[in-house]
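Here is the structure we will look at, set down as structure tokens.
Taken together, the values in this text are just the output of simple stated rules run on the coordinates, not laboratory data. Please read these numbers as outputs of a predicted model, since none were measured by experiment. Glycine gets a Cβ as well: all are built from the backbone with ideal geometry, and neighbour counts include every protein chain shown.
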Amino acid sequence: MQTTSSSPALCAIVPVDCVLNHLPYPYPYPYPYPYPYPSTFSFGLSTGSRRLKLSRLQAGFWESIRSGLIKNNSTQVIEPTSSSQEDEEPLPEEFVLVEKTLPDGTIEQIIFSSGAEVDVYDLQALCDKVGWPRRPLSKLAAALRNSYMVATLHSIKKSAGEELTEPSNEKKLIGMARATSDHAFNATIWDVLVDPSYQGQGLGKALIEKLIRALLQRDIGNISLFADSKVVEFYRNLGFEADPEGIKGMFWYPRF
Amino acid sequence: MQTSSPALCAIVPVDSFSNHLPYPSTFSFGLPTGNRKLKLSRLQAGFWESIRSGLIKNNSTQVIEQTSSSQEDEEPLPEEFVLVEKTLPDGTIEQIIFSSGAEVDVYDLQALCDKVGWPRRPLSKLAAALRNSYMVATLHSIKKSAGEELTEPNNEKKLIGMARATSDHAFNATIWDVLVDPSYQGQGLGKALIEKLIRALLQRDIGNISLFADSKVVEFYRNLGFEADPEGIKGMFWYPRF
């Protein structure tokens with residue numbers, strides 16, 4: 001189901017309640033924990049983060065954000081209680097999220113990157129696929145250039161017998177999310193999208209989780225976004241809370 | 001009333017700032033009723049569609065502004081100008097200066113944050129936040145004793161208000177850290193600060209201006225043209241600290 005509402009935070013992603021049910025192929029995992037089939041996904045922010053929520057100081061929302069006391073360190077303190085050893089290490093800028101072998105023998109890798117150059121034409125094509133109205137290319141380029149972080153998902157396919165790094169292999173942009181920030185306290189996530197033919201696999205979830213993790217590693221304590229009503233639940237499942245302490249997101253003369 | 005809000009702190013919601021002006025002065029904050037007409041006349045398009053399409057540009061804002069009586073709206077907002085000038089009973093002249101391009105002394109800002117009761121933040125992070133904000137709008141007070149020039153260095157220039165915005169320089173901006181010195185509140189200065197900041201952002205073609213408002217000041221921002229949860233869009237935070 002594609003939601004056609006154009007949300008800055010989420011568009012064209014099917015809210016995924018349980019990632020496990022959407023795995024079509026058994027595939028090995030890049031992370032060091034045992035899970036053959038059915039696989040247990042760990043996108044780096046698992047139950048450890050929920051324990052984190054409970055253990056956080058009972059302070060007023062803005063006070064604790066302003067005080068900057070909650071740093072990346074406290075996040076890492078909790079993470080040893082999770083089973084994922086990977087959480088203690090910095091997130092690499094680019095890595096394989098998923099690898100699978102298709103019925104015809106083709107191998108497909110889904111690559112996450114937080115530092116990749118995004119071709120603005122590729123992005124425009126992806127925005128078309130999810131049904132967003134066209135935006136001027138120059139503005140798209142400026143938005144990418146001036147985002148604090150741009151996270152992408154690319155698909156690389158290689159025919160059986162070839163190397164994945166060969167230029168003839170198909171590398172396709174299939175997902176993106178970006179965040180603006182003041183590089184110190186606050187970040188806001190905009191423009192989250194996943195290619196409709198890749199939806200329903202937990203990729204949007206992974207994209208956001210990795211983006212969040214990268215932001216936390218840079219000590220950005222306040223991560224916000226504006227979610228279309230249809231996808232509020234999706235983000236809630238990722239740890240986002242709407243209107244905490246009655247704080248309201250507001251827009252200046254939104255166009256109705 | 002002080003609340004720690006990223007968008008608004010330590011500003012008394014001002015219903016009608018004219019009631020708070022001790023001296024008769026003609027204020028023009030640049031965004032009069034023309035903008036309310038603008039709201040009605042905008043295309044009936046879905047919220048995000050019209051933002052994404054980037055169709056609503058600065059031009060359309062200016063088209064409407066011709067219907068307003070303020071000629072100043074058609075000209076670019078100067079980077080720095082006198083917002084208010086008043087003569088105090090003892091003959092001292094005080095000017096409130098708005099600026100969108102001023103350097104902000106991080107120690108001055110820290111002192112102002114203390115005054116409004118915000119918890120301390122590391123100075124290096126404050127400096128980084130200022131440096132990496134798309135726009136930082138400030139209010140300074142300059143006082144000169146009767147008979148002196150305002151530009152003399154021994155005149156008191158004080159930071160009394162600030163608001164800043166992050167942006168992707170193309171589509172979206174989010175306003176953070178709005179504050180006004182408590183002894184200058186209740187005069188419409190917070191309102192002016194936000195109005196001028198908005199205007200400066202619009203002039204740079206940033207069509208989507210957002211913020212997160214503490215519940216106590218939602219009404220304040222509503223009066224400035226902000227709308228909460230348009231079309232059910234919710235502001236959300238990742239694991240807010242409660």
Cβ-derived FRET efficiency at R0 45 Å, residue A:237 paired with residue B:183, nearest 0.05: 0.45
Per-residue counts of other Cβ atoms within 10 Å, averaged by peptide: what ranking do you get for B:75-84, A:207-216, highest first? A:207-216, B:75-84
Tell me the net charge near residue B:129. Cut-off is 9 Å between Cβ atoms, residue B:129 excluded, with +1 for each Lys or Arg and -1 for each Asp or Glu. +2
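So which of B:157/B:216; A:100/A:171; A:172/A:210; B:86/B:125; B:86/B:191; A:100/A:139 end up more than 25 Å apart, counting from Cα to Cα? Don't jump to the answer; show the numbers that get you there.
Values: B:157/B:216 31 Å; A:100/A:171 15 Å; A:172/A:210 19 Å; B:86/B:125 36 Å; B:86/B:191 18 Å; A:100/A:139 36 Å.
Beyond 25 Å: B:157/B:216; B:86/B:125; A:100/A:139.
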What is the distance, in nm, between label points placed 7 Å from the Cα along the Cα-to-Cβ direction at residue B:114 and at residue A:146? 3.4
Can you compute 3J(HN,Hα) from phi for each residue in the range A:123-132, using the Karplus curve 6.51 cos²θ - 1.76 cosθ + 1.60 with θ = phi - 60°, rounded to whole Hz and x for Gly and Pro? 5, 4, 4, 5, 4, 4, 4, 8, x, 7
Step through the residues of the range A:106-122 one at a time and calculate ³J(HN,Hα) from phi using the Karplus curve (6.51 cos²θ - 1.76 cosθ + 1.60, θ = phi - 60°), rounding each to whole Hz and writing x for Gly and Pro. 5, 9, 10, 10, 9, 9, 8, 9, 10, x, 6, 6, 9, 6, 5, 6, 4
Phi angles of the range B:156-165, converted by Karplus (6.51 cos²θ - 1.76 cosθ + 1.60, θ = phi - 60°) into ³J(HN,Hα) in whole Hz with x for Gly and Pro, give 7, 10, 10, 6, 10, x, 7, 8, 9, 9
